[in-house]
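What follows is a single structure, written as structure tokens, with notes after it.
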Ligand code: PXP
């Protein structure tokens, strides 16, 4: 089965916001990523707007020819924005102002009623506009979280690979086994399984080899590598790597 690459373009906006300039444009970057093989574009509209701005989301919704995966906290403000913008996918993530990046998975198990309501609201937008909104949760590789996501009516989960990426040796092997087992379990109960966070040219192959994984969302390493090889090549390299890993 094919594996799809979602490119997270937040860090193009991070460079722009560092100087409050108009460049580099995350819109131009996203379009180049699409041209280079990205199957979707991921962007996180944070509460503090530290990188992606509302106007980026609006313009990209018009201009993307693949699909937009809007990462967002499950706040009323973000639900209102998503309902207006109608991205093809919404990835619900936990958000802390002081964090450098999304540090962990969404704790769905402790907030099932709220998350059920959020998913219902996003799905309702889908019905009204015949868009293709998928409420996607971003879970730690833990069975209770997967069951909770399923209970909330989430069709897709994204497994957080951050701990796998940050470790080495036996610890990494153990985390990989955990991800592998939970991917098998989530798939067996009918959920689409995606993964992402901290993935690089060096650590992505084995994750991409897991047959249940449908989509990988990768950002920081692609943009970082683009500094040396250009964005086009950076996207092409990782796309080739994940495609080959699957065949
Ligand atoms: N998936 C989700 C839900 C994320 O929050 C992020 C980071 O914004 C990514 C994937 C991509 O992670 P990275 O930038 O480490 O590749």
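What follows is calculated from the coordinates using simple rules that are stated; it is not laboratory data. Note that the coordinates shown come from a computational prediction; the quantities given were computed from them, not determined experimentally. Positions of Cβ are backbone-derived with ideal geometry, glycine not excepted, and every protein chain shown enters the neighbour counts.
Using R0 = 30 Å, the C-beta based FRET efficiency linking residue 168 and residue 76 works out to 0.15.
Using only alpha carbon pairs under 8 Å that are at least six residues apart, calculate the relative contact order of segment 1-121 and give it in whole percent. List each step's numbers first, then the result.
Details: 162 pairs, mean separation 23.7, N = 121.
The normalised contact order for segment 1-121 reaches 20 percent.
Projected label points at residue 15 and residue 96, each 7 Å from Cα along the beta carbon direction, are separated by 2.9 nanometres. List the residues of segment 201-217 whose backbone N lies under 11 Å from a point placed 7 Å from the Cα of residue 229 along the Cα-to-Cβ direction. Within reach of a label on residue 229, which here means backbone N under 11 Å from a point 7 Å along Cα→Cβ, segment 201-217 contributes 201-202.
Go ahead and estimate [θ] at 222 nm for the chain from helices alone: -39,500 (n - 2.57) per DSSP H run with n ≥ 4, summed, over the residue count, rounded to 500.
On the way: 11 runs with 123 residues, N = 247.
Helix contribution divided over all residues of the chain: -15000 deg cm²/dmol.
Using C-alpha pairs below 8 Å separated by at least 6 residues, the relative contact order for segment 159-247 is 27 percent. One chain, two ends: residue 22 and residue 116. Fully extended at 0.36 nm per residue, the span grows by 30.0 nm beyond their Cα-Cα distance. Label positions at residue 124 and residue 143, each projected 7 Å from the Cα along the C-beta direction, are separated by 3.5 nm.
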